[in-house]
1. With each run of n ≥ 4 DSSP H residues scored as -39500 (n - 2.57), what mean residue ellipticity at 222 nm is computed for the chain after dividing by its residue count and rounding to the nearest 500 deg cm²/dmol?
2. Under 5 Å between amide hydrogens, which residues at least 5 positions from residue 91 or on another chain qualify, with H placed 1.01 Å from N in the peptide plane?
3. Of the listed peptides 37-45, 69-77, what is their order by residue-averaged count of other C-beta atoms within 10 Å, with the highest listed first?
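Each reported figure results from applying straightforward, stated rules to the coordinates on display, with no laboratory input. All of these numbers come straight from a predicted model, not from anything done at the bench. Cβ placement follows ideal geometry from the backbone for every residue including glycine, while neighbour counts extend to all protein chains displayed.
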Amino acid sequence: MTAKLPKEKLLQILEALMDPNGLSEQACDDLLLTFCAGCPDPVKARWLIVECLDPMTNEELVDRAHSLPFRSMADVPASELPTTHPLRGMAE
């Protein structure tokens, strides 16, 4: 997926992730992958959701993820994202 998702769609996905009532673990994983693949830099978008400790609203997180510079999965080393990670296939 080279075209990024619109901010509104990313926000909908993020809101579902942050309040996953009734969602299975697999559904949450799928939403996370969809969110990341819809961003210009899927790896950094994943970092923002999973590891970043900066306090921010959902809107701020989406703004940060949406404004990242584009990075091709081919440019991401295996040390940063394993070659078998499903995000590699989704984000291209």
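1. -15000 deg cm²/dmol
2. none
3. Most protected by this proxy first, the peptides run 37-45, 69-77.
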